[in-house]
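Following: one structure in structure tokens, then a few remarks.
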Amino acid sequence: MQGNTRTFSFTRLLSSRTFLLVNLLFLGLLIFSFGREFARNYTIQQEISELEAEKTFLEAKNSDIVTLMNSVQTETYIEREARIKLGLSKPGEKVMIVPDFNNINLTSNEAEDKNSVDYLEQIPATDLSSIANSLKWWYYFFDVNKFDMIKIYGNRK
């Protein structure tokens, strides 16, 4: 009879509403926990993919920097920079400085007449004779006004 009573109370416990409510709450807690872990796992996977993309970008940037560093350390680059920035030359070479006509300082009266007077008229004749042929060709094709002034000023000599 005792075994029958236990079976009856166990069956009664399983069929009670309280037991069902407790089980439903426990199931809800499990689903909530699983959902939260799933969302956390998804966020972590997104961060991992972003970091891998950043890693790829930084590796490419690093290889560019290494390439630039290697090119800067070459003898040719150092020589070119010494020539350009320091004005150095090899023994036996002559340094030629080409004047920049766009950066000539004009007085206030000359600045007012800037549109009517060409810059080349303000430069002494010695400077016009030192204009490189490549610069004259540049003016011939791309700045006809300056080329005409060189031609006119050169004929006045």
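Note on segment 17-92: dipole from Cβ charges, positive end direction compared against Ile44, Leu88, Leu29; the farthest Cα belongs to Leu29.
Between amide H atoms placed 1.01 Å from N, distances below 5 Å from Ile131 occur with no residue 5 or more places distant or on a separate chain.
Read the figures in this text as sums done on the coordinates, not as results from a lab. Quick caveat: nothing in here was measured; it's all calculated off a predicted structure. Don't worry about glycine lacking a Cβ; one is built from the backbone with ideal geometry, like all the others, and counts go over all protein chains shown.
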